[in-house]
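S.K.: For reference, the structure I am asking about is given below.
The values are calculated or read from the model by the stated rules, or taken from the named source; none is laboratory data. Just so you know, these numbers come straight off a predicted model, no measurement behind them. Note that we place each Cβ from the backbone using ideal geometry, even for glycine, and neighbour counts take in every protein chain shown.
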Amino acid sequence: MFWAQCLIGQDIHFSQSDGSLLNNSPGFTGLFNGDYRVGAIFRSQWQSVPVPYSTFSMNGEARFKPKAFVKDMVGVGLMFNNDKAGDTRYKTTQIYASGSYIYSIADSSLMVSIGMNLGWCQVGFDYDKMTFDNQFDGLQYNPGLSTNERFDWTKYNYADLNLGSAIQYRIKNKAYFTYGLGLHHLSSPVITYQGNNLSKLDFKLSNYLRYVMPINLRTDLVTEALINKQGKYYEFIPHASLKYYFNRDNNLAVLAGACLRARDAVVLRFGYTNKTLQSGIAYDINTSKFIAATNRRGAFEIFVNYIIKRTPSYISKKRVCPVFM
């Protein structure tokens, strides 16, 4: 509290980067094989600490091709984030509207997109759950005493602007590579509870890479890396898994592997896919200096994504009756 001017806040994050792609970059809006995509991810962190932290995100997207376009497409989406942390239930609520333009190059083995999202965000805390030294009457805590503290607001709203781009490249219809770039908080939003302009949300640069390579007819090697930089802080999460197919044509498979959040946690990951359904579960084992409080127990995380493909309507072909030829 004495050095409050040095405090720095960071964005919400997930261990399963592929479970919430829109949080990595708005360039992923509509960049999937289908017409609609819906998804949700939930993270509960530090259950062994008296007040656990929880994060929830959900999104819906649509991809369509205007009649004037030959190959290119347009993506639109909506994303909702909610995060609660600490004794005062410090809460972050975000609603983002996304849009993207998707370039389809050559035989569609290479797709490039640029995207943007605009968001309304609110942060706030529960003042009733706070206690202050002025409420100590000499013998015990007395909630009836004045706190002698003043806050202009306990909730604050701000607008946010993010840009991004993404690339998907399929190599000989087997291996494929994905890269996403996110430029977050370009509007440098101010977050304050006392009417000043001293606290600004730091710009964040996100890099997401994914490479999938078949090993044999039933097994793929899945590798990922998420690299975030916000202010003076970095987050690096490399990941490797094996994906075993029971039926490759129907994408019926299970996935197992691990990733590492540098200097913070080892993450065990498990997944299941079936046609256009993708799901995953992860558990973080804390390895940082915070183990004194967590007893190495970190976070539990689960996500599900589902892609909807519309069946093209049948158009009967006109045929000439041979009787009247």
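S.K.: Quick one: in the range 91-126, of everything that is in contact with a Ser or Thr (Cβ under 8 Å, 6 or more places away or on another chain) and not in a strand (DSSP E or B), which residue is surrounded by the most Cβ atoms within 10 Å (Cβ to Cβ)?
M.R.: Phe125
S.K.: Could I ask something else about it? Of everything in the range 127-175, what is among the hydrophobic types (A, V, I, L, M, F, W, C), surrounded by 14 or more Cβ atoms within 10 Å (Cβ to Cβ) and closer than 30 Å to Gly77 by Cα? Give them in sequence order.
M.R.: Across the range 127-175, the qualifying residues are Leu161, Leu163, Ala166, Ile167, Ala175.
S.K.: If I filter the range 284-296 for residues that are under 21 Å from the mean Cα position of the chain (by Cα), hydroxyl-bearing (Ser, Thr, Tyr), at pLDDT below 95 and more than 30 Å from Tyr36 (Cβ to Cβ), do I get at least one hit? Quick ask: steps written out before the conclusion?
M.R.: Step one: filter the range 284-296 for residues under 21 Å from the mean Cα position of the chain (by Cα), giving 284-286.
Then keep just the ones that are hydroxyl-bearing (Ser, Thr, Tyr); that gives none.
No, there is no match, as no residue in the range 284-296 is under 21 Å from the mean Cα position of the chain (by Cα), hydroxyl-bearing (Ser, Thr, Tyr), at pLDDT below 95 and more than 30 Å from Tyr36 (Cβ to Cβ).
S.K.: Does Leu217 count as in contact with a helix residue (DSSP H, G or I) (Cβ under 9 Å, 6 or more places away or on another chain) and either farther than 29 Å from Arg269 by Cβ or loosely packed, with under 13 Cβ neighbours inside 10 Å (or both)?
M.R.: Working: in contact with a helix residue (DSSP H, G or I) (Cβ under 9 Å, 6 or more places away or on another chain): no; either farther than 29 Å from Arg269 by Cβ or loosely packed, with under 13 Cβ neighbours inside 10 Å (or both): yes.
When the stated conditions are applied, Leu217 does not pass them.
S.K.: Follow-up. Run Tyr53 past the list (1) surrounded by fewer than 19 Cβ atoms within 10 Å (Cβ to Cβ); (2) under 30 Å from Asn173 (Cα atoms); (3) within 21 Å of the chain's Cα centre (by Cα) and report the number of the one that doesn't hold.
M.R.: (2)
S.K.: Something else: Being surrounded by fewer than 18 Cβ atoms within 10 Å (Cβ to Cβ) and of a type in the set (Gly, Ala, Ser) is the filter here; which residues of the range 66-90 pass it?
M.R.: If the condition is that a residue be surrounded by fewer than 18 Cβ atoms within 10 Å (Cβ to Cβ) and of a type in the set (Gly, Ala, Ser), then Ala68, Gly86 are the ones that fit.
S.K.: Quick one: would you say Lys309 is loosely packed, with under 15 Cβ neighbours inside 10 Å, out of contact with any Ser or Thr (no Cβ under 6 Å at 6 or more places or on another chain) and either of a type in the set (Ser, Thr, Tyr) or modelled with pLDDT of 90 or more (or both)? Break it down into steps so the answer makes sense when it comes.
M.R.: Numbers: loosely packed, with under 15 Cβ neighbours inside 10 Å: yes; out of contact with any Ser or Thr (no Cβ under 6 Å at 6 or more places or on another chain): yes; either of a type in the set (Ser, Thr, Tyr) or modelled with pLDDT of 90 or more (or both): yes.
Spelling it out, Lys309 is indeed loosely packed, with under 15 Cβ neighbours inside 10 Å, out of contact with any Ser or Thr (no Cβ under 6 Å at 6 or more places or on another chain) and either of a type in the set (Ser, Thr, Tyr) or modelled with pLDDT of 90 or more (or both).
S.K.: Assess whether Lys243 counts as being part of a strand (DSSP E or B), within 19 Å of Asp11 (Cα to Cα) and touching a residue at least 24 places away in the same chain (Cβ under 8 Å). Walk me through it before giving the result.
M.R.: Numbers: part of a strand (DSSP E or B): yes; within 19 Å of Asp11 (Cα to Cα): no; touching a residue at least 24 places away in the same chain (Cβ under 8 Å): yes.
So Lys243 does not fit the description; no.
S.K.: Let me ask something else. Would you please name the residue that is modelled with the lowest pLDDT, looking only at residues in the range 179-235 that are in a loop (DSSP other than H, G, I, E, B), of a type in the set (A, V, I, L, M) and within 19 Å of Trp120 (Cα to Cα)?
M.R.: Within the range 179-235, the subset in a loop (DSSP other than H, G, I, E, B) is 185-189, 191-199, 201-203, 215-218, 231-232.
Among the residues that remain, those that are also of a type in the set (A, V, I, L, M) are: 186, 191, 198, 201, 215, 217.
Then drop every residue that is not within 19 Å of Trp120 (Cα to Cα), which leaves 186, 191, 201.
On the way: Leu186: 94, Ile191: 82, Leu201: 86.
That would be Ile191.
S.K.: Would you say Lys71 is in a loop (DSSP other than H, G, I, E, B) and under 30 Å from Ala40 (Cα atoms)? Lay out the reasoning, then the answer.
M.R.: Numbers: in a loop (DSSP other than H, G, I, E, B): yes; under 30 Å from Ala40 (Cα atoms): yes.
It is true that Lys71 is in a loop (DSSP other than H, G, I, E, B) and under 30 Å from Ala40 (Cα atoms).
S.K.: Considering only residues of the range 251-265 that are over 18 Å from Met213 (Cα atoms) and either among the hydrophobic types (A, V, I, L, M, F, W, C) or at pLDDT 90 or above (or both), which is surrounded by the most Cβ atoms within 10 Å (Cβ to Cβ)? Give the steps one after another, and end with the answer.
M.R.: Taking the range 251-265 and keeping what is over 18 Å from Met213 (Cα atoms), we get 260-265.
Applying the additional criterion that residues be either among the hydrophobic types (A, V, I, L, M, F, W, C) or at pLDDT 90 or above (or both) yields 260, 262, 265.
Details: Leu260: 16, Ala262: 12, Ala265: 22.
My answer is Ala265.
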